[in-house]
Amino acid sequence: MNTRRKFTKKPRYRGLAPITHYLQVFEVGEKAHIIIDSGSNKGRPHHRFHGLTGEVTGMQGASYLVQIKDGNMAKTIIVNPEHMKKVKG
């Protein structure tokens with residue numbers, strides 16, 4: 001699927017995200033969903049990883065290192081916190 005449809009937001013949520021999305025804090029070992037926010041280009045992972053869940057393994061500057069499973073391979077991607085959501089439960 002093309003990113004034109006994958007990253008569209010509903011009209012109510014268009015524009016920049018709330019500041020709390022940018023200030024999220026994740027601990028090492030915590031699980032996080034990768035949900036790409038189209039309003040922010042910085043620290044955006046490849047669209048192939050949109051919707052996947054991974055484990056935070058560390059930090060690189062203001063971004064997080066997230067290890068995900070892509071098929072049989074474990075991959076580490078660099079993601080800014082505005083493109084991540086905490087896993088509940």
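Every number here is computed from the coordinates shown, using simple stated rules; none is lab data. Predicted model only: the values in this text are computed from it and were never measured. When we count neighbours, we look across all protein chains shown, and the Cβ atoms used for this are built from the backbone with ideal geometry, even at glycine.
Annotations
- Net dipole in debye of the chain [+1 Lys, Arg Cβ; -1 Asp, Glu Cβ; about Cα centre; nearest 20]: 600 debye
- Estimated 222 nm signal from helices in the chain, with DSSP H stretches of n ≥ 4 weighted -39500 (n - 2.57), rounded to 500: -1500 deg cm²/dmol
- Karplus-derived 3J(HN,Hα), 6.51/-1.76/1.60, for each residue of region 77-85, Hz, glycine and proline x: 10, 9, 9, 6, x, 6, 9, 10, 9
- Cross-link table LYS9/LYS85; LYS9/LYS75; LYS42/LYS86; LYS10/LYS75, entries beyond 22 Å C-alpha to C-alpha: LYS9/LYS75; LYS10/LYS75
- Prolate/oblate/rounded label for region 3-86 (Cα gyration tensor, a/c 1.5): oblate
- When the chain is treated as a Gaussian network with alpha carbon springs shorter than 10 Å, the biggest mean-square fluctuation among ILE36, ILE78, ILE19 belongs to ILE19.
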